[in-house]
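All remarks here apply to the structure that follows.
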Amino acid sequence: MDLLPLPAPGATPICVMTIAGSDSGGAAGLQSDLRTFALAGVHGTCAVTAVTVQNSLGVTGFHPVPPPTVAAQIRAVASDIGVSAAKTGMLADAGIIAAVADTASDIGLGQRIPFLVDPVSASHHGEPLLTPEAFELLVGRLFPLATIVTPNLDEVRLLTGIDVVDDATQRDAARALHATGPRWVLVKGGHLRTAVTSTDLLYDGSDFVEFEAQRIETQHDHGAGDTLGAAVTCALAEGMSVPDAVAFGKEWVTRSLAAAYPLGAGHGPVSASWRLREQPPA
Ligand code: PXL
């Protein structure tokens, strides 16, 4: 795959922000985003939204960060370091979503700055990472600001009521989500376990583009969605078009699934460690 260019040693890299929760197990959430940012050659900044208590077996609790502190982290970074693109992960509750939406508008996320909104609703093991009443606000306040939203099929069901079982229902879901305001929708097909391939569907309100990859069978896929979103965000920060950025992200996560490793007694993380063995363009 074509990797993103690396900054020269000592030169300030492109700066990308994740607005996400911490995973104490180091597999998903902001830890996963920052790993992908570093391996893609950009500088990663973060606004922490929640501290989760988790390991490879699941999430046993989380503590949300006060909304003004989430907003202050975003403003502190934007006013000094700068943000070339941003993504969201776990947003925990309605107060945090409102704070992120207000701040995102103020600093131009989704306007001059690419903004990926990943509607994270539950952990790998199904524990909720967003309160049910916050869904409406996520769609009402953040989706209209988004350059791209990236739901998986469980999130599609929660957001639209559509059970994606084939190409036609995947297109229906993309249309329904596009009507809520984002410029692009990526309906991730990885959770369609019956398929031999994993096909993600991108839609901009007029054209559909499919991104197909061979399904990698592994129980170690924790952080796959975050890793895809983080790689797409880096590519957008580098100035790629949305379809090119999604192609880059899809290849990045497919390779990272192939390099996933066991950890603890449960699900291990996907890993972008393959990137350390590849030479980026000069
Ligand atoms: O992969 C979604 C995700 C995002 N953020 C945090 C998580 C998870 C999944 O477990 O724990 C903090």
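Brief remarks follow.
- When the stretch 217-226 is limited to residues that are outside any strand (DSSP E or B) and buried (at least 18 other Cβ atoms within 10 Å of the Cβ), the one that is farthest from the ligand (Cβ to nearest atom) turns out to be HIS220.
- Any chance PHE62 is farther than 14 Å from THR227 by Cα and either of a type outside the set (D, E, K, R) or part of a helix (DSSP H, G or I) (or both): yes
- Every residue from the stretch 3-41 that is away from the ligand (no atom under 15 Å from the Cβ) and either small (Gly, Ala, Ser) or modelled with pLDDT under 95 (or both): LEU3, LEU4, PRO5, LEU6, PRO7, ALA8, PRO9, GLY10, ALA11, ALA38, ALA40, GLY41
- If the condition is being outside any strand (DSSP E or B), aliphatic (A, V, I, L, M) and crowded, with 23+ Cβ neighbours inside 10 Å, then the stretch 86-97 contributes MET90, LEU91, ILE96, ILE97.
- The set of residues in the stretch 161-216 being farther than 26 Å from GLY126 by Cβ, of a type outside the set (A, V, I, L, M) and not in a strand (DSSP E or B) consists of ASP167, ARG171, ARG175, HIS178, GLY181, ARG183, ASP204, GLY205, SER206, ASP207.
- Qualifying positions in the stretch 42-57 - assigned to a strand (DSSP E or B), within 16 Å of the ligand (Cβ to nearest atom) and hydroxyl-bearing (Ser, Thr, Tyr): THR49, THR52
- Only a single criterion out of (1) within 16 Å of the ligand (Cβ to nearest atom); (2) at pLDDT 95 or above; (3) within 29 Å of ALA260 (Cα to Cα) is not satisfied by LEU138, namely (3).
- Per the listing VAL83, VAL70, VAL100, VAL77, the residue uniquely in contact (Cβ under 8 Å) with a residue 40 or more places away in the chain, touching a strand residue (DSSP E or B) at 6+ places or on another chain (Cβ under 7 Å) and surrounded by fewer than 20 Cβ atoms within 10 Å (Cβ to Cβ) is VAL77.
- Among (1) out of contact with any strand residue (DSSP E or B) (no Cβ under 8 Å at 6 or more places or on another chain); (2) over 23 Å from ASP207 (Cα atoms); (3) in a loop (DSSP other than H, G, I, E, B), the one test that LEU158 misses: (3)
- GLY89 being under 15 Å from the mean Cα position of the chain (by Cα) and in contact (Cβ under 8 Å) with a residue 24 or more places away in the chain: yes
- Boolean, VAL48 is surrounded by fewer than 19 Cβ atoms within 10 Å (Cβ to Cβ), within 17 Å of the chain's Cα centre (by Cα) and not hydroxyl-bearing (Ser, Thr, Tyr): yes
- Tally, over the stretch 23-44, of residues that are surrounded by fewer than 22 Cβ atoms within 10 Å (Cβ to Cβ) and polar (S, T, N, Q): 2
- Once the stretch 106-123 is narrowed to residues that are of a type outside the set (Asp, Glu) and in contact with an Asp or Glu (Cβ under 8 Å, 6 or more places away or on another chain), the residue that is surrounded by the fewest Cβ atoms within 10 Å (Cβ to Cβ) is ALA122.
- Residue match in the stretch 164-184 (condition: aliphatic (A, V, I, L, M), away from the ligand (no atom under 16 Å from the Cβ), over 19 Å from the mean Cα position of the chain (by Cα) and under 28 Å from HIS220 (Cα atoms)): yes
- Near pairs, Cβ below 6 angstrom, 6+ apart or cross-chain, from the stretch 214-233 (more than 12 Å from VAL270 (Cβ to Cβ)) to any residue that is among the hydrophobic types (A, V, I, L, M, F, W, C) and surrounded by fewer than 24 Cβ atoms within 10 Å (Cβ to Cβ): ARG215/VAL196
- Residues (in a strand (DSSP E or B), modelled with pLDDT of 95 or more and within 16 Å of the ligand (Cβ to nearest atom)) located in the stretch 109-124: LEU116, VAL117
The values are calculated or read from the model by the stated rules, or taken from the named source; none is laboratory data. Values in this document were obtained by computation on a predicted structure and should not be read as measured data. Note: ideal-geometry Cβ built from the backbone for every residue, glycine included; neighbour counts use all protein chains shown.
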